[in-house]
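Undergrad: This is the structure, below, for whatever I ask next.
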């Protein structure tokens, strides 16, 4: 009942803005309202559009901000940010929240996004209770509302050119063929023999078992394979002792990472979290529009060093997408 009241309050708070602002039709808009039970309270709204000028000033067309006492200055970008986006040909960024997850798009191309079920969404509150207990109770009460909310935000920039749709559906057959070709090219570039390809695609479950001092043992591989791995190749897996202490103090005993063709799933202490998706070309798009197009730099403030790291990770994307990794980081109990 309390969640229903909060959702109702949010609806009334949003109503004036929706009546006055310029909204646009949103993909998937209306599906939640149509599928909801007759007595269910849901929020299913069109997308709110935020327009940016060349100076980086944000404006919601048709909304009298001063009359409502709302200041959009916090959303403003610098002229340099806008120049970065226009140079990259970025017309718009679209954030779409539905009961199934939150999706991010730039020029209609999907970026890595989150998909969830009611169970994995609820798990976020459980995990927050470990890592951020001060905020866990509040977030835990708000998270269930996401299952009854569908809305979007469009940020438009003065890039010009032919107008692009908010969502461009990928050609999945062509995408899969390109990813398979990229996987074979990555294997050849690494100089790996064809014999190891099945092992890379379906490796056994692995456990990295840590000690209190951050040293570790790699478990799950056949002894002859473990012996063939150079010691320095795994040196980066060692953790500082204080990081182990931090995990122990939070009560985290295991972190499991699973990759599949559709994305990455993380589980903390056996509790699965929402899935990070990459089955619609998200990683490729992250490089082409996120890094090269300037979205990450202009809107997320990512510096050049991290951009280079992200681009480097993109080089291994074909292997990540093809492999079905199952890796558990095991931390000794405190």
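The values are calculated or read from the model by the stated rules, or taken from the named source; none is laboratory data. Everything numeric here is computed off the predicted structure, so don't read it as measured data. A quick note on method: Cβ atoms are made from the backbone with ideal geometry, for glycine too, and the neighbour counts reach across all protein chains shown.
Undergrad: With the requirement that a residue be modelled with pLDDT under 80 and not in a loop (DSSP other than H, G, I, E, B), what does the stretch 50-68 give you?
TA: 65, 66, 67, 68
Undergrad: Which members of the stretch 217-240 meet the condition of being surrounded by 11 or more Cβ atoms within 10 Å (Cβ to Cβ) and more than 23 Å from residue 127 (Cβ to Cβ)? Explain how you work it out, then say what you get.
TA: Taking the stretch 217-240 first, the residues surrounded by 11 or more Cβ atoms within 10 Å (Cβ to Cβ) are 217-221, 225-226, 229, 234, 237-239.
217, 218, 219, 220, 221, 225, 226, 229, 234, 238, listed by residue number.
Undergrad: With respect to residue 175, determine if the residue is part of a helix (DSSP H, G or I) and touching a strand residue (DSSP E or B) at 6+ places or on another chain (Cβ under 9 Å).
TA: On the way: part of a helix (DSSP H, G or I): yes; touching a strand residue (DSSP E or B) at 6+ places or on another chain (Cβ under 9 Å): no.
Considered against the rule, which asks whether it is part of a helix (DSSP H, G or I) and touching a strand residue (DSSP E or B) at 6+ places or on another chain (Cβ under 9 Å), residue 175 comes out as no.
Undergrad: Can you find even one residue in the stretch 225-235 that is part of a strand (DSSP E or B), closer than 20 Å to residue 332 by Cβ and either free of Cβ contacts under 8 Å to residues at least 60 places away in the same chain or assigned by TED's automatic domain parsing to the domain that holds residue 325 (or both)?
TA: Just the residues of the stretch 225-235 that are part of a strand (DSSP E or B), to begin with: none.
Checked against the condition, which is being part of a strand (DSSP E or B), closer than 20 Å to residue 332 by Cβ and either free of Cβ contacts under 8 Å to residues at least 60 places away in the same chain or assigned by TED's automatic domain parsing to the domain that holds residue 325 (or both), the stretch 225-235 yields no hits at all.
Undergrad: Scan the stretch 197-209 and report the pairs whose first residue is in the same structural domain as residue 221 (by TED's automatic domain parsing) and over 17 Å from residue 234 (Cβ atoms) and whose second residue is modelled with pLDDT under 95 and surrounded by fewer than 14 Cβ atoms within 10 Å (Cβ to Cβ), with Cβ atoms within less than 6 Å and a gap of 6+ or a chain change.
TA: Short answer, once both residue conditions are applied: 202/324.
Undergrad: Residues to consider are 18, 45; find the one that is at pLDDT below 90, part of a helix (DSSP H, G or I) and in contact with a strand residue (DSSP E or B) (Cβ under 7 Å, 6 or more places away or on another chain).
TA: Working: 45 fails: part of a helix (DSSP H, G or I).
Within the list 18, 45, the selection yields 18.
Undergrad: For a quick check of your reading: which helices (runs of 4 or more DSSP H) sit entirely within the stretch 72-153 and have at least 2 residues that are within 20 Å of the chain's Cα centre (by Cα) and at pLDDT 80 or above?
TA: On the way: elements: 79-87, 118-131, 133-142.
Those helices (runs of 4 or more DSSP H) span 118-131.
Undergrad: Cβ-Cβ below 6 Å, separation at least six or inter-chain, first residue in the stretch 280-302 and surrounded by fewer than 24 Cβ atoms within 10 Å (Cβ to Cβ), second assigned to a loop (DSSP other than H, G, I, E, B) and at pLDDT below 95: which pairs?
TA: 280/170; 281/170; 296/302
Undergrad: How many residues, within the stretch 178-198, are closer than 16 Å to residue 320 by Cβ and outside any helix (DSSP H, G or I)?
TA: 1
Undergrad: Exactly one condition in (1) out of contact with any helix residue (DSSP H, G or I) (no Cβ under 7 Å at 6 or more places or on another chain); (2) under 20 Å from residue 283 (Cα atoms); (3) surrounded by 15 or more Cβ atoms within 10 Å (Cβ to Cβ) is not met by residue 152; state its number.
TA: (2)
Undergrad: Take residue 261 and tell me if it is surrounded by fewer than 16 Cβ atoms within 10 Å (Cβ to Cβ), closer than 30 Å to residue 147 by Cα and at pLDDT below 90. Give the derivation first.
TA: On the way: surrounded by fewer than 16 Cβ atoms within 10 Å (Cβ to Cβ): yes; closer than 30 Å to residue 147 by Cα: yes; at pLDDT below 90: yes.
Yes, satisfied.
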